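Here's the structure, in structure tokens; my notes come after.
Just so you know, all these numbers are worked out from the coordinates, no wet-lab data involved. Just so it is clear, the structure is predicted and the values come from calculations on it, not from any experiment. Methodologically, a virtual Cβ is constructed for each residue, glycine included, from the backbone with ideal geometry; neighbour enumeration extends over all protein chains shown.
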Amino acid sequence: MSLPRYAPLNQHQIEDWHSTTDVLVVGFGGAGACAAIEASDAGASVLLIDAASAPGGSTALSSAELYLGGGTRVQQACGHEDSVEAMYEYLLASNGPQADAEKIRHYCEQSVEHFDWLVSHGVPFKDSELKARAVMATTDDGLLYTGSEKAWPYIDAIPAAPRGHNLNVWGDNGGPLFMKIMAEAVSKRPIDVSLETRALRLIVDDEHRVVGLLIRRDMQELAVRVTRGVVLCAGGFAMNREMMQRYAPELLRCSMAIGNPGDTGGGIQMAMAVGASTINMHEGFVSLPFYPPASLTFGILVNSHGQRFINEDAYHGRVGSFLLRQDPGPVYFILSVEDYADYEKVAYLGAPVAATGESLEELIAELPVPSDALQQTMEYYNQYAACGQDPLYHKHQDWLKPLTPPLVALDCTPGNGAYMPYFTLGGLETTLAGEVKNTLGEPIKGLYAAGRTACGVPRRGDGYASGISVGDATMSGRFAGRAAASS
């Protein structure tokens, strides 16, 4: 009788151990690379495996911005006084009731040290700031705002500072460069790397300690004995539609899962099979990348009731999350044609034009929303925008002005063509050291996790900031690798 997929094996079922290592890291992305480096530097023998034919994971596919603060070299060089406390307060507030205060505090306190560690391994950052409002840096500048720090409700209570650290490379090429540097760091150490190798099942002893891993390589199933710990850095589950439907079905309304093909939740399911606890599985990052051009921020988003629902100067992930919460029906981005700018040439959004109008009445007549409500929404917005005010949603005055004809409406309804990418934010429950907890809240001996396989610092789509995943993955990978090596 065959075992269910991912069901663990007992060590007594293993007739022949193929090899032995102190630490086995599953996944050669940002988290896995950092875990392997720290475990090796701590004196452990390390086997690093990945199902792909090359290192990289989802980190290589990203911009590899890193959300770091508290006074990094780049922040100081650009004249920004950031503190651990301000960073902590922002991340605590933006992650809402799901926030893990202990993990956030630890992340903020270790942020400068982690930046310096990355630099010591060759990760380059230019001491310059991109001032423009942008989804990602398309220049080689080293610093930019990548969250909602300058938007309501945070700006009123927490000192704002840019914390998105962009690698010194032109264009959206940070991910490949970051992983090239990390792979080189791995190659300089006595780390055994095995690509095109798939993790199948954890192996446990009679005390339920993880003591090995069954892998498949070259068409063979091989049992690897692990003397200190297995570190799961196998990504999230955005590419597993069955898991998405079970845990986070709302995210499937978006247009595209982003990540690597290996983000199928295998690491999470293997751990669950040995009693691991999962948390936050319903949450994910959702983007409505409506800038560039930044001038679209002058526009307003309205739902099927003809009403606004967000301050449009917020981070695109926060806007996307709020959009996904609206009642079923159309969502439109309404703006003056003069602010449409070069949308058709530079935008990532790709939302089709739903209506145009030489007057407000003409535009409203073309949109299937309550005309009286939309008329009132527009008139109310314009009245206060003319005074630099937004009583309802507190958009910053820098992005306030009346919307004057001619007007255009972009269709941002989920499923109607606009680009709305997503990925998961839930995963295994872990300690600060990366130990995987069981359903009783106790560490499972010999099992660690980091990156999107674990539930780390980022917990909510509406509080997300670009760079927090790569920052958290690489830092959590380091601590998990170090802890596994010392166990």
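Over the chain, dividing the summed -39,500 (n - 2.57) contributions of all DSSP H runs of at least 4 residues by the number of residues returns a 222 nm mean residue ellipticity of -8000 deg cm²/dmol. For segment 458-467, the Karplus equation 6.51 cos²θ - 1.76 cosθ + 1.60, evaluated at θ = phi - 60°, returns couplings of x, 10, 9, x, 6, x, 6, 9, 4, x Hz by residue, with Gly and Pro reported as x. The order of the peptides 300-306, 97-103 by mean Cβ neighbours within 10 Å, most packed first, is 300-306, 97-103. Once the gyration tensor of the Cα atoms in segment 24-94 is diagonalised, the equivalent ellipsoid follows with semi-axes of 31, 15, 12 Å, ordered largest first. Segment 312-389 and segment 446-464 have Cα centres separated by 34 Å. In the chain, the longest principal axis of the Cα atoms and the axis of helix 174-187 are about 10 degrees apart. Normalised Debye scattering of segment 182-304 at q = 0.12, 0.23 Å⁻¹ gives log10 I(q)/I(0) of -0.66, -1.36, counting only Cα atoms as equal scatterers and leaving out solvent.
In order along segment 412-422, the phi-based Karplus estimate (6.51 cos²θ - 1.76 cosθ + 1.60, θ = phi - 60°) of 3J(HN,Hα) comes to 9, 5, x, x, 9, x, 5, 6, 10, x, 8 Hz; Gly and Pro are listed as x. Put a plus charge on the Cβ of each Lys and Arg, a minus charge on the Cβ of each Asp and Glu, and nothing anywhere else: the dipole of segment 288-411 about its Cα centre is then about 460 debye. Neighbours of Ala385, meaning other residues whose beta-carbon lies under 9 angstrom from its beta-carbon, give a summed charge of +1 when Lys and Arg score +1 and Asp and Glu score -1. Computed from the C-alpha gyration tensor, the three semi-axes of the ellipsoid equivalent to segment 91-195 are 29, 20, 12 Å, from longest to shortest. For Lys401, which lysines qualify as cross-link partners when the Cα separation must be under 22 Å and same-chain residues fewer than eight apart are set aside? By straight Cα distance, Lys401 reaches Lys131, Lys150.
Could you tell me what fraction of 2.2 N^0.38 Å the Cα radius of gyration of segment 158-242 comes to, as a two-decimal ratio? Intermediate values should be presented prior to the final figure.
Numbers: Rg = 18.6 Å, N = 85, 2.2 N^0.38 = 11.9 Å.
Dividing the Cα radius of gyration by 2.2 N^0.38 Å gives 1.56.
What the phi angles of segment 141-150 give under the Karplus curve with 6.51, -1.76 and 1.60, with θ = phi - 60°, is a coupling list of 5, x, 8, 7, 6, 10, x, 9, 4, 9 Hz, glycine and proline written as x. The translational diffusion coefficient of segment 394-487, from Stokes-Einstein at 37 °C and 0.692 mPa s with a Kirkwood hydrodynamic radius over alpha carbon pairs, comes to 198 µm²/s. Shown here: the chain, whose C-alpha atoms stretch 78, 54, 38 Å along the first, second and third principal axes, sorted largest to smallest.
Residue ranges 449-458, 184-193 sort as 449-458, 184-193 when ordered by packing (mean number of other C-beta atoms within 10 Å per residue, highest first).
With N the number of residues in segment 288-411, Rg(Cα) / (2.2 N^0.38 Å) evaluates to 0.95. Here the contact order of segment 288-411, divided by its residue count and restricted to Cα pairs under 8 Å and six or more residues apart, works out to 34 percent. Residues whose amide H lies under 5 Å from that of Asn260, counting only those 5 or more places away or on a different chain, are Ser58; hydrogens are built 1.01 Å from N in the peptide plane.
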